[in-house]
Amino acid sequence: MENMFNNLKKAMDETILKDIEFSEQSKEKVRKTVINSKHKKQFHLKYKLNYLLSVCVSCLLLFGLGYFSFTKLELLGEDKNTTITDNPGQNLNTSQNSEKFDSIYTPPANKEYYGDMTKEEVVSKMLNTPSHFITATGKFEQRDIFKDETGLTILGEYKISTKNKIGGYFKFTNTSYERNEVVQIEEIIHNNDQMWYINNIRNTYREQKYNPKEMKGTVTLQEALSVNINKLENEIYVKQKDWEMPPIVTAGLSLYPYHMAVKYLGDFNQWDIEKQNEELLGHNTIVLKGKLNDKIKMPEVDTFRFWVDKDTGILVKYENHDTNGKLTGYLHPEELKVNVPIDSKDFEPHLDGYKMEEMDTESPFKDPREAEIEVVEQADYYKDEVDAVLDLLRKDIPFLYEFTHPDIELYSASYEKYKTYNQAYLTYSYKKDKNEDGSGSRLLYVRAYHKDSIVHSWSDFDTKKGKQLEDFNINGIEWKGFELDNQNAHFIGKSNDYIYEVVSQNITPQETKSLIPSFKASN
């Protein structure tokens with residue numbers, strides 16, 4: 001191969017290149033040409049790279065702008081037709097999402113308060129909690145144990161909204177403390193214009209109109225102390241402030257603790273602030289500790305401790321102890337959330353499989369003359385106050401009868417008057433089934449009045465009567481008995497010009513009749 005190239009060079013030198021002289025000057029020209037050629041190629045390559053880079057950046061900017069605009073447009077469309085669900089990737093149809101979105105109310109978020117509070121400020125907050133929160137959800141366990149070792153344990157769950165989407169529910173299970181037996185499972189649901197009482201043992205329900213009211217103004221401790229503690233709601237919160245506690249029963253002791261504030265904290269000398277700040281379920285609470293006033297006779301309670309939410313006044317937790325230091329009552333919360341989003345669809349009952357408890361349509365539900373009925377005295381819960389009303393009834397109502405059976409006791413007493421006619425209302429409960437407030441799940445409602453008097457048309461007595469029982473005469477009263485649809489009973493008795501009515505709750509007609517012989521004249 002090497003010989004071939006040497007021969008080729010020789011042949012070319014002798015023919016084509018024989019007249020060409022390649023001097024040093026020629027070599028220099030060649031070198032310059034090569035160098036210039038390299039520089040030009042480098043310039044063109046750099047220019048092309050810059051051009052390509054500019055194009056790429058511009059494309060990226062245009063693509064990003066388009067993607068951002070498209071994404072925003074998609075988000076706007078979702079705001080109109082979807083709501084947040086437990087599964088962010090789940091897409092529901094437009095009508096379902098729109099309906100759900102319309103039913104949800106989200107109030108302003110609450111802010112925890114960490115500043116020091118005085119006794120006056122704490123009590124004021126507890127008297128006016130409706131001014132400090134809009135929605136709330138919670139779960140709790142409450143127990144009250146009486147001296148005879150009877151009582152109930154309540155497991156409660158609630159949700160409430162007081163503005164915009166008005167409504168709420170309270171679901172609870174009552175268990176007998178001494179027998180560890182469930183005696184009551186109920187729900188109370190209300191919304192803008194309707195309320196339902198649902199019994200999950202008998203699978204029955206009652207419904208009635210609901211007229212929500214809004215609290216206005218501020219209630220002071222002086223105002224609250226100016227009336228009998230049993231008249232707080234009627235005299236202060238309803239009459240003066242056009243507000244009444246929503247029907248959430250035991251949960252109201254926590255959310256609207258004005259009754260507890262007056263009863264336990266009305267005398268500032270009886271209690272102290274134990275701790276200014278203590279976290280409980282994500283809430284900053286102030287801890288109060290004191291001794292119950294001797295004027296309030298509650299033999300099961302000597303000392304107490306409260307945990308009060310500082311920003312709302314809600315009584316998050318409480319504990320009662322007797323003179324021996326034994327825990328005799330408490331409310332222990334499992335959950336409490338304030339001003340959280342609320343779905344108003346939760347305030348609609350599910351009544352499939354439930355039977356409605358109807359009132360007697362033959363009786364007028366409302367008589368205009370009822371407006372003339374005057375409540376002279378009324379008391380419940382506190383034995384000394386109930387006994388005081390009973391003593392007044394014994395004095396002013398010579399035709400009064402009372403139950404004397406050893407298994408039941410008086411829980412509530414009311415003295416009413418229509419013109420010149422006096423009338424009495426008494427409520428009895430079985431001792432072994434007493435509720436946290438002294439009532440219970442098994443009750444006897446009693447009223448006594450003159451035949452020409454006008455009485456309140458209350459659902460407890462305006463019953464739809466079923467099968468009539470055998471007539472009988474006991475203790476000077478001629479009785480007619482009726483079975484009710486819910487396996488309770490309504491007995492109506494007459495003696496001269498006076499009428500006596502006994503209606504049972506969770507007590508069979510046969511058992512109710514067996515108690516009638518203990519219904520005897522007071523005087």
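Points to keep in mind about this one:
- Residue tally, condition assigned to a strand (DSSP E or B), out of contact with any helix residue (DSSP H, G or I) (no Cβ under 8 Å at 6 or more places or on another chain), open to solvent by less than 70 Å² (accessible area, probe 1.4 Å) and at pLDDT below 95, over the range 331-355: 1
- Taking the criterion of being among the acidic types (D, E) and at pLDDT 90 or above, the residues of the range 102-125 that qualify are E112, D116, E120, E121.
- Selection status of F140, farther than 21 Å from D352 by Cβ, modelled with pLDDT under 90 and of a type in the set (A, V, I, L, M, F, W, C): no
- Taking each residue of the range 189-213 that is closer than 15 Å to F347 by Cβ and looking for partners that are surrounded by fewer than 17 Cβ atoms within 10 Å (Cβ to Cβ) and basic (K, R) with beta-carbon atoms closer than 6 Å, six or more apart or interchain, yields Y197/R206.
- Only residues that are open to solvent by 50 Å² or more (accessible area, probe 1.4 Å) and under 25 Å from Y421 (Cβ atoms) were counted across the range 386-410, and they come to 8.
- Of note, L315 does not satisfy the criterion of being of a type in the set (A, V, I, L, M, F, W, C) and either surrounded by fewer than 15 Cβ atoms within 10 Å (Cβ to Cβ) or under 19 Å from I188 (Cβ atoms) (or both).
- In the set (1) open to solvent by less than 10 Å² (accessible area, probe 1.4 Å); (2) among the hydrophobic types (A, V, I, L, M, F, W, C); (3) assigned to a loop (DSSP other than H, G, I, E, B), the condition left unmet by I454 is number (1).
- Subset of the range 272-290 that is in contact (Cβ under 8 Å) with a residue 40 or more places away in the chain and open to solvent by less than 40 Å² (accessible area, probe 1.4 Å) - its residue that is nearest to E141 (Cα to Cα): L280
- Matching residues, the range 201-212, being in contact with a Lys or Arg (Cβ under 9 Å, 6 or more places away or on another chain) and either among the β-branched types (V, I, T) or surrounded by 15 or more Cβ atoms within 10 Å (Cβ to Cβ) (or both): R202, T204, Y205
- Residue under evaluation K513, criteria (1) crowded, with 17+ Cβ neighbours inside 10 Å; (2) assigned to a strand (DSSP E or B); (3) among the basic types (K, R), criterion not met: (2)
- Qualifying residues in the range 482-495 (those that are touching a residue at least 60 places away in the same chain (Cβ under 8 Å) and part of a loop (DSSP other than H, G, I, E, B)) - the one nearest to T404 (Cα to Cα): Q487
- Against the numbered list (1) part of a helix (DSSP H, G or I); (2) over 22 Å from the mean Cα position of the chain (by Cα); (3) buried (at least 19 other Cβ atoms within 10 Å of the Cβ), A261 comes up short only at (2).
- Residue within the range 390-409 that is modelled with pLDDT of 90 or more, in a strand (DSSP E or B), closer than 27 Å to G329 by Cα and of a type outside the set (A, V, I, L, M, F, W, C) present: yes
- Only one of M195, M215 that is aliphatic (A, V, I, L, M) and either more than 30 Å from W271 (Cα to Cα) or open to solvent by 80 Å² or more (accessible area, probe 1.4 Å) (or both): M195
- Selection count where residues are open to solvent by 10 Å² or more (accessible area, probe 1.4 Å) and either within 24 Å of the chain's Cα centre (by Cα) or closer than 13 Å to K119 by Cα (or both), scope the range 291-309: 2
- So D267, is it without any contact (Cβ under 8 Å) to a residue 12 or more places away in the chain, of a type in the set (D, E, K, R) and out of contact with any Leu (no Cβ under 8 Å at 6 or more places or on another chain): no
- Criterion applied to K467, K520 was being open to solvent by 60 Å² or more (accessible area, probe 1.4 Å), assigned to a strand (DSSP E or B) and closer than 28 Å to D396 by Cβ, and the one residue passing it is K520.
- Matching residues in the range 107-133 - criterion: being open to solvent by less than 70 Å² (accessible area, probe 1.4 Å) and among the polar types (S, T, N, Q): N110, T118, S124, N128, T129
- Close pairs from the range 375-394: first closer than 12 Å to A424 by Cβ, partner among the hydrophobic types (A, V, I, L, M, F, W, C) and part of a helix (DSSP H, G or I), Cβ under 8 Å, at least 6 apart: V376/L392; E377/A388; E377/V389; E377/L392; Q378/V389
- Only listed residue being part of a strand (DSSP E or B), over 23 Å from N488 (Cα atoms), at pLDDT 95 or above and of a type outside the set (A, V, I, L, M), chosen from Q423, Q378: Q423
- Hey, S429 open to solvent by 10 Å² or more (accessible area, probe 1.4 Å), in contact with a strand residue (DSSP E or B) (Cβ under 7 Å, 6 or more places away or on another chain), closer than 26 Å to A251 by Cβ and assigned to a strand (DSSP E or B) or not: no
- Residue match in the range 471-481 (condition: surrounded by 17 or more Cβ atoms within 10 Å (Cβ to Cβ), in contact with a Ser or Thr (Cβ under 8 Å, 6 or more places away or on another chain) and assigned to a loop (DSSP other than H, G, I, E, B)): no
- Taken across the range 228-249, residues that are in contact with a strand residue (DSSP E or B) (Cβ under 7 Å, 6 or more places away or on another chain), open to solvent by 50 Å² or more (accessible area, probe 1.4 Å), aliphatic (A, V, I, L, M) and touching a residue at least 60 places away in the same chain (Cβ under 8 Å) do occur, with at least one present.
- One residue alone among I499, I507 is part of a strand (DSSP E or B) and among the aliphatic types (A, V, I, L, M), and that residue is I499.
The values are calculated or read from the model by the stated rules, or taken from the named source; none is laboratory data. Predicted model, so just to flag it, every value in this text is computed and none were measured. With ideal geometry, Cβ positions are generated from the backbone for all residues, glycine too; neighbour counts draw on all protein chains shown. We work out accessible area using only protein heavy atoms, side chains counted, and drop any ligands, DNA or RNA first. Shrake-Rupley method; radii C 1.70, N 1.55, O 1.52, S 1.80 Å.
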